[in-house]
1. For region 80-94, which positions are more than 14 Å from S46 (Cα to Cα) and either surrounded by 12 or more Cβ atoms within 10 Å (Cβ to Cβ) or of a type in the set (F, W, Y) (or both)?
2. In region 9-59, how many are within 10 Å of the chain's Cα centre (by Cα) and under 16 Å from H90 (Cα atoms)?
3. Out of curiosity, is L65 over 17 Å from E17 (Cβ atoms) and of a type in the set (A, V, I, L, M, F, W, C)?
4. Got at least one residue in region 54-73 being touching a Lys or Arg at 6+ places or on another chain (Cβ under 7 Å), more than 24 Å from K15 (Cβ to Cβ) and of a type outside the set (G, A, S)?
5. Being among the β-branched types (V, I, T), crowded, with 18+ Cβ neighbours inside 10 Å and touching a helix residue (DSSP H, G or I) at 6+ places or on another chain (Cβ under 6 Å) narrows it down to one of I42, I52, I70, so name that one.
6. I need every pair where a residue in region 21-34 that is farther than 11 Å from C50 by Cα has its Cβ under 9 Å from the Cβ of a residue that is in a strand (DSSP E or B) and of a type in the set (A, V, I, L, M, F, W, C), sequence separation at least 6 or different chains.
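Bear in mind these aren't lab numbers, they're just calculated from the coordinates by the rules spelled out. Please read these numbers as outputs of a predicted model, since none were measured by experiment. Note that we place each Cβ from the backbone using ideal geometry, even for glycine, and neighbour counts take in every protein chain shown.
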Amino acid sequence: MMKKPVWEDRSVLLKKEREFIEELERGAKQKLFIDINERNEIVELSTLDCGIKKIPEGLGRLKPLEYFDIKDDKISELPSSIGDLHELKHLLIY
């Protein structure tokens, strides 16, 4: 898979995923990076130094998400919906 900046072509994302990314970016100082699978589902999400203060509850809708990298000291908690991410293999918080 090739890492793409989410702003490159949001139209390829599924509606629920596009809505989540847009909600997450409302508080960001820069765009997020994603990796998608052949079905245009987000499988990797990185918020590296984006200045995000809160991860929306909609995170649980990203069912195929395997890798979530959060590098931001402003996030104090994760939404409970993270428990719905059964494919999540890597959660990096630093």
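1. Residues satisfying the conditions are S81, I82, D84, L85, E87.
2. Of the residues in that region, 10 qualify.
3. So L65 does not fit the description; no.
4. Looking through region 54-73, none of the residues is touching a Lys or Arg at 6+ places or on another chain (Cβ under 7 Å), more than 24 Å from K15 (Cβ to Cβ) and of a type outside the set (G, A, S).
5. After ruling out the rest, the residue left standing is I42.
6. Sorted first by the residue in region 21-34, then by its partner, the pairs are I21/I34; I21/I42; I21/L45; I34/I42; I34/V43; I34/L45.
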